[in-house]
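Participant: If you scroll down you'll find the structure; I have some questions about it.
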Amino acid sequence: MKFGGGGYVTGLVFHPSTANLLYARTDIGGAYRWNPAASSWTPITDGLGFSAAESSYHGIESMAVDPNDDRLVYMAAGMYNTDKADARLYISSDRGDHWSFVNLPFSTGGNNGGRAMGERLMVDPNKPSTLFYGSRTAGLWKSEDSGRSWAQVSALSSARMTQDQIKAAGGSAMGIELVVYDTGTKGTGTATSTLYAAVAPDYASVAGLGSNMYRSTNGGATWTAVTTPVSGFHIPHMVRAADGVFYVVFTKDAGPGAGGPGRLYKFDGTTWTLLKSVDPAGGTNFGLGGVSVQGSGASTRIALGVTNSWGNWNGQQIVQLSDDAGLTWREIEAQMPGEIASGWVDDVEIDPSDRDHILHVHGGGVVETRNASSATPTWSGVIAGIEEIAAQAIVAPPPGASYLLINSSGDVGTWIHTDVTTTPTRSPGLGWSNGIAADMAWSDPQYIAASGAINSSNTGTGYWSGDGGKTWTTFASLPAGAATNTSSESSLVVTARNKAVWAPANSVPSYTTDNGATWTATNLPALPAVGWNRGYRLVVDRKNPNKVYAYDSGGAWWASAGRVYVSTDGGHSFALSQGSVTAALAPNGWWVTSMAVNPNAEGDLWMADGNAVYHSVDSGATWQKLSQFASVQGSNAWPDLQGATVVALGKAKDGASYSAAVYVVGTVGGVWGVYRSDDGGATWTRFNDDAHQFGGIGVMAADQNVYGRVYLSGTGRGLLYSN
């Protein structure tokens with residue numbers, strides 16, 4: 001479904017000689033390739049290699065292309081750095097249409113701090129079977145067989161950071177931040193002799209290295225410290241101009257949106273020349289982020305990203321441009337026409353085939369100008385095809401409603417979708433906020449209630465609409481726990497207009513009968529701590545809204561068994577379903593469990609406990625366990641593949657024996673996917689295929705108007721729908 005961007009694109013990688021061949025990497029949503037014919041981005045990490053068990057590989061830390069073969073592309077993936085070897089290198093010989101992979105002997109941090117640095121991965125232009133990688137926690141690595149095997153470059157350092165050292169670095173180690181070759185040639189067959197590596201302060205301290213930059217003149221066999229004009233800073237980007245001069249960014253913080261002081265120098269291998277400075281002043285804390293160059297000598301064009309520079313005002317700096325190798329600068333984005341995107345300007349690229357085409361990343365995608373030489377360049381978003389919002393909850397209304405879906409997503413808040421092909425416009429308009437949960441009155445779907453969090457203050461909020469999301473009003477009060485428990489393990493359901501039950505994370509649910517003017521605690525038991533957030537999942541019986549069901553999944557795989565509670569008074573008081581106790585539901589975390597109702601039959605409940613699917617036709621009094629779904633256990637105490645994590649019910653197939661189509665995200669016969677049943681769970685068929693795996697599926701809803709249509713979230717892949 002179209003939203004457009006919605007998340008952080010961490011890097012852009014052009015092929016140096018093939019026009020319009022451009023890749024984008026993201027922190028949680030995989031990677032994309034630019035399609036110039038359609039003027040949109042094509043996702044290239046949705047298929048094989050990116051299933052539910054591989055969701056962490058949707059965090060792309062670095063990408064590299066072979067300058068000699070424009071079909072060859074490499075991608076280092078793994079969402080969070082640890083002291084383990086848990087990252088992958090993906091290799092494609094068809095521009096990302098298909099991937100193979102090898103396991104890397106270190107971790108990566110595609111969603112860690114400093115994730116726009118780099119590129120950490122580089123292909124030797126002269127001997128492309130040679131690759132170097134600057135890891136976060138284990139120093140510099142080299143491959144001499146096109147990435148198939150790797151060896152640590154111990155000549156620089158053999159140090160590997162421990163988990164305690166990573167924790168001391170704030171959880172996001174920076175390590176070797178980038179690798180750059182000093183060459184203007186390619187395809188000679190002889191490895192490039194001179195290359196540079198930037199060393200972050202954290203790894204320099206652990207490894208006992210005295211400089212933030214090292215140079216090798218023998219292909220990495222030995223290394224010599226380079227004396228830099230700024231010490232103890234990060235070097236997020238370093239690029240080489242055609243004349244061999246390097247342009248090097250230094251900035252105090254790691255980013256995203258790295259604060260300053262920041263410095264840009266040019267470096268000819270011996271002498272450093274200061275070109276640009278930004279310092280905290282007047283309430284601002286600008287840093288420097290991306291840098292890109294084109295040309296050589298005195299007419300070198302430099303595009304420089306000024307990061308952590310929020311807003312669009314006279315005198316603001318977002319992208320600075322120099323056409324005289326840094327002697328003079330002018331601002332080309334702030335106060336210019338079009339779409340302006342300040343803040344996380346952590347990677348900037350001048351198109352190698354068009355010097356007037358300049359792009360940069362930001363927290364919501366990519367923007368570009370195609371007339372950079374103009375006195376007033378025009379900027380526009382380049383996000384068609386990039387869908388990176390992270391949906392935390394979605395719910396589809398009854399047949400005939402004026403909208404298709406309520407979408408509660410991280411960072412962008414709550415949205416009402418009325419068309420799958422257009423960006424939604426109905427929202428409470430809370431700015432940088434999280435949408436957490438929402439529901440509508442089934443008999444009156446114009447009434448919507450929702451919960452969220454204001455991210456700037458990390459405070460919970462709730463709001464309602466009486467006209468299908470066109471206008472919104474904040475609840476006059478919040479239930480106990482809602483203001484401070486702002487994580488996504490929360491549920492909110494509506495029984496009728498002005499009546500709702502809200503279960504904030506880690507809290508006893510409460511109900512309102514006066515549209516949020518007052519809230520009263522239910523009698524549901526408090527949830528004991530299990531080491532991370534937990535909550536009740538609530539659903540309303542759509543045929544009899546006096547019935548409300550509450551599912552406690554246990555909170556973790558080592559906790560107590562899951563159980564279900566049933567209310568017959570609109571969610572005011574609940575009684576334990578002894579049948580759920582007898583069923584011996586697996587204990588599991590919130591994020592791998594689900595409960596849904598058949599809206600066409602009273603008391604018809606479905607549940608996924610993480611391992612199996614259960615069905616009740618008597619309002620939760622008894623439960624039947626379906627035999628088809630089962631987890632795949634590996635060497636860990638938790639499953640490698642969960643048996644059943646999400647269940648949703650939608651419009652039935654014409655002539656079907658059961659009144660709803662049932663969709664389950666889970667594993668049947670060892671194969672993970674989305675499965676559908678048209679006969680009440682007697683038989684199941686796989687609904688997706690290997691090309692549509694999306695890094696796993698977090699939430700799902702089924703359409704009540706169209707048979708075979710589901711809405712779902714991939715890992716950082718926005719909202720997707722089937723036809």
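The values are calculated or read from the model by the stated rules, or taken from the named source; none is laboratory data. Keep in mind that what you see is a predicted model, and the values were worked out from it rather than measured. Virtual Cβ from ideal backbone geometry, glycine too; neighbours counted across all protein chains shown. Surface areas here come from the heavy atoms of the whole protein model, side chains and all, with no ligands, DNA or RNA. Shrake-Rupley method; radii C 1.70, N 1.55, O 1.52, S 1.80 Å.
Participant: In whole percent, what relative contact order does the chain give with Cα contacts below 8 Å and a gap of six or more residues?
Facilitator: Once normalised by length, the contact order is 9 percent.
Participant: Given a Förster distance of 41 angstrom, what is the FRET efficiency for ASP569 paired with GLN163, based on the Cβ-Cβ distance and rounded to 0.05?
Facilitator: 0.25
Participant: Under a Cβ-Cβ cut-off of 14 Å, what is the net charge of the residues other than SER427 that fall near it, where Lys and Arg count +1 and Asp and Glu count -1?
Facilitator: 0
Participant: Just read off the accessible area of GLU602 with the full protein assembly in place, 1.4 Å probe, to the nearest 10 Å².
Facilitator: About 90 Å², ignoring ligands and nucleic acids.
Participant: Could you sort the peptides 129-139, 188-198 by per-residue average Cβ neighbour count (10 Å cutoff), highest mean leading?
Facilitator: Descending packing order for the listed peptides: 129-139, 188-198.
Participant: For region 597-723, what is the accessible area per residue in Å² when the probe is 1.4 Å?
Facilitator: About 36 Å² of surface per residue is accessible.
Participant: Let me ask something else. Just grab the label-to-label distance for ALA637 and ARG686, each label 7 Å out from Cα along the Cβ direction, in nm (one decimal).
Facilitator: Modelled inter-label distance: 3.2 nm.
Participant: With a 1.4 Å probe and all protein chains left in place, how much of the accessible area of region 595-687 comes from carbon and sulfur atoms, in whole percent?
Facilitator: Carbon plus sulfur share of accessible area: 48 percent.
Participant: Grab the other residues whose beta carbon is less than 15 angstrom from that of PRO504, score K and R as +1, D and E as -1, and report the net.
Facilitator: Around PRO504, the surrounding residues sum to -1.
Participant: Taking K and R as +1 and D and E as -1, what net charge do the other residues with C-beta under 14 Å from the C-beta of SER677 add up to?
Facilitator: Neighbour charge sum, excluding SER677 itself: +1.
Participant: Normalised by the empirical 2.2 N^0.38 Å for globular proteins, what value does the Cα Rg of region 181-292 take?
Facilitator: Cα-based Rg divided by the globular estimate yields 1.13.
Participant: Another question, if that's okay. When you have a sec, figure out the Kirkwood radius of region 518-563 from all distinct Cα pair distances and drop it here in Å to one decimal?
Facilitator: Computed over Cα pairs of region 518-563, the Kirkwood hydrodynamic radius comes out at 12.3 Å.
Participant: As a check on your grasp of the helix formula, calculate [θ] at 222 nm for the chain: sum -39500 (n - 2.57) over DSSP H runs of n ≥ 4, divide by the residue count, round to the nearest 500.
Facilitator: Using -39500 (n - 2.57) per qualifying helix, the result is -500 deg cm²/dmol.
Participant: Wrap a convex hull around the Cα atoms of region 381-434, take a quarter of its surface area, and give that in square nanometres.
Facilitator: Computed as one quarter of the Cα hull surface, the answer is 4.2 nm².
Participant: Continuing with this model, one more query. Would you please put 565-571, 526-532 in order of how densely packed they are, using the mean number of other Cβ atoms within 10 angstrom per residue and starting with the highest?
Facilitator: The peptides rank, most packed first, as 565-571, 526-532.
Participant: Using 0.36 nm per residue, how much length does the chain from ASP514 to SER296 gain when fully extended, once their Cα-Cα distance is taken away?
Facilitator: Computed gain between ASP514 and SER296 is 71.5 nm.
Participant: Per residue, how much space in cubic angstrom lies within the convex hull of the C-alpha atoms of region 282-382?
Facilitator: With only Cα atoms used, region 282-382 gives 90 Å³ per residue.
Participant: Each label point is 7 Å from the Cα along the Cα-to-Cβ direction; what then is the distance between the points at LEU576 and ASN600, in nm?
Facilitator: Label-label distance for LEU576 and ASN600, simple model: 3.6 nm.
Participant: Work out, in µm²/s and without decimals, the Stokes-Einstein translational diffusion coefficient of region 611-654 at 20 °C, 1.002 mPa s, Rh from Kirkwood over C-alpha pairs.
Facilitator: 172
Participant: Separate question: Rounded to a whole number, what % of the accessible area of region 339-379 do carbon and sulfur atoms account for, probe 1.4 Å?
Facilitator: 46
Participant: Over all directions, how big on average is the projection of the convex hull of the alpha-carbon atoms in region 239-278, in square nanometres?
Facilitator: 3.1
Participant: If you average the alpha carbon positions of region 340-355 and of region 35-54, how far apart do those two centres end up, in angstrom?
Facilitator: 22
Participant: Per residue, how many Å² of accessible area does region 47-155 show with a 1.4 Å probe?
Facilitator: 30
Participant: Give, in nm to one decimal, the length gained when the segment between SER100 and ASP70 is fully stretched (0.36 nm per residue of separation minus the Cα-Cα distance).
Facilitator: 9.1 nm
Participant: Provide the packing ranking of 586-597, 659-670, 467-478, i.e. peptides ordered by the mean count of other C-beta atoms within 10 Å per residue, highest first.
Facilitator: 586-597, 659-670, 467-478
Participant: Here is a further query. So in the chain, what percent of DSSP beta bridges are antiparallel if you round to the nearest 5?
Facilitator: Here the share of antiparallel DSSP bridges comes out near 95 percent.
Participant: For region 32-115, with all protein chains present and a 1.4 Å probe, just round the carbon and sulfur fraction of the accessible area to a whole percent.
Facilitator: Percent of accessible area from carbon and sulfur atoms in region 32-115: 48.
Participant: Taking a 1.4 Å probe, which of LYS547, LYS266 shows the most accessible area, and what order do the others take after it?
Facilitator: Sorted descending by solvent-accessible area, the residues read LYS266, LYS547.
Participant: So between ALA37 and THR421, what do we pick up on full extension, going 0.36 nm a residue minus the alpha carbon distance?
Facilitator: 136.3 nm
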